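Note sheet for the following structure.
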Amino acid sequence: DTGVSQNPRHKITKRGQNVTFRCDPISEHNRLYWYRQTLGQGPEFLTYFQNEAQLEKSRLLSDRFSAERPKGSFSTLEIQRTEQGDSAMYLCASSSPLAGHTGELFFGEGSRLTVL
Amino acid sequence: GQSLEQPSEVTAVEGAIVQINCTYQTSGFYGLSWYQQHDGGAPTFLSYNALDGLEETGRFSSFLSRSDSYGYLLLQELQMKDSASYFCAVRFYMTTDSWGKFQFGAGTQVVVTP
């Protein structure tokens with residue numbers, strides 16, 4: 001399977017705990033995005049990498065959220081001191097340099113977080 | 001501000017035609033994309049309009065009018081499997097405020113009935 005891979009697929013945690021999600025993009029894609037989606041809403045932009053550089057981070061994003069893409073391949077999204085409001089589906093997407101001209105992102109199946 | 005607005009839900013019968021509108025209040029973007037998402041699934045790319053006009057991909061067509069700040073997705077010959085959420089999205093130009101992120105609308109739930 002050469003699609004975007006995310007794990008874990010499901011995570012249940014207690015409030016105050018830290019969680020980390022991993023995303024493996026399509027191998028030739030240099031751009032990687034993290035989105036958050038809650039029920040009945042569209043994907044909400046969190047952050048965006050081009051290779052290993054984090055180019056943009058949502059201004060609405062709490063400092064408890066951090067993301068890395070150390071070698072320009074896989075990425076991790078960490079949420080510290082989780083709150084119940086963090087419960088959502090966390091989606092990763094990747095794109096080729098041509099995405100600006102094709103409009104196409106490739107999404108993973110997501111990591112569903114439930115904070116008790 | 002930068003926002004994309006879509007109707008929340010559309011219901012239609014099998015075989016019908018459905019048009020999902022997307023109006024936006026932004027400028028400076030490469031084009032308008034459309035994605036489909038089934039319950040519990042990942043969003044999947046359907047169509048893209050870089051230029052004004054109609055793009056046709058099988059039963060699905062998409063349209064963009066930058067002068068009217070408006071686009072739509074047309075679903076023809078509806079099938080039960082088309083029941084899903086549909087999102088419009090734009091990728092913004094790189095500016096001093098943005099490095100070219102993709103922003104999505106809230107989505108339209110399409111319900112296809114027998």
Residue tally, condition aromatic (Phe, Trp, Tyr) and touching a Cys at 6+ places or on another chain (Cβ under 9 Å), over region A:91-113: 1
Considering residues of region B:73-105 that are modelled with pLDDT of 85 or more and surrounded by fewer than 18 Cβ atoms within 10 Å (Cβ to Cβ) only, the residue nearest to residue A:102 (Cα to Cα): B:74
Any hit, region A:90-107, residues being of a type outside the set (Gly, Ala, Ser), over 18 Å from residue B:33 (Cβ atoms) and surrounded by fewer than 21 Cβ atoms within 10 Å (Cβ to Cβ): no
So residue B:67, is it crowded, with 18+ Cβ neighbours inside 10 Å and in contact (Cβ under 8 Å) with a residue 12 or more places away in the chain: no
Listing of strands (runs of 3 or more DSSP E) fully contained in chain B that carry 1 or more residues being more than 10 Å from chain A (Cβ to nearest Cβ) and in contact with a strand residue (DSSP E or B) (Cβ under 6 Å, 6 or more places away or on another chain): B:9-13, B:18-24, B:29-37, B:53-57, B:60-65, B:70-75, B:84-92, B:108-113
Criterion: out of contact with any helix residue (DSSP H, G or I) (no Cβ under 9 Å at 6 or more places or on another chain) and either of a type in the set (S, T, N, Q) or free of Cβ contacts under 8 Å to residues at least 24 places away in the same chain (or both) - qualifying residue of B:33, B:47: B:47
Looking only at region A:28-70, and only at residues there that are of a type in the set (Asp, Glu) and modelled with pLDDT of 90 or more, the one that is surrounded by the most Cβ atoms within 10 Å (Cβ to Cβ): A:44
Scan of region B:13-38 for residues that are over 21 Å from residue B:59 (Cα atoms) and modelled with pLDDT of 90 or more, ordered by number: B:23
The lone exception for residue B:62 - which of (1) modelled with pLDDT of 95 or more; (2) surrounded by fewer than 20 Cβ atoms within 10 Å (Cβ to Cβ) it fails: (2)
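The values are calculated or read from the model by the stated rules, or taken from the named source; none is laboratory data. Keep in mind that what you see is a predicted model, and the values were worked out from it rather than measured. In this analysis, Cβ positions are derived from the backbone assuming ideal geometry, glycine residues included, and neighbour counts consider all displayed protein chains.
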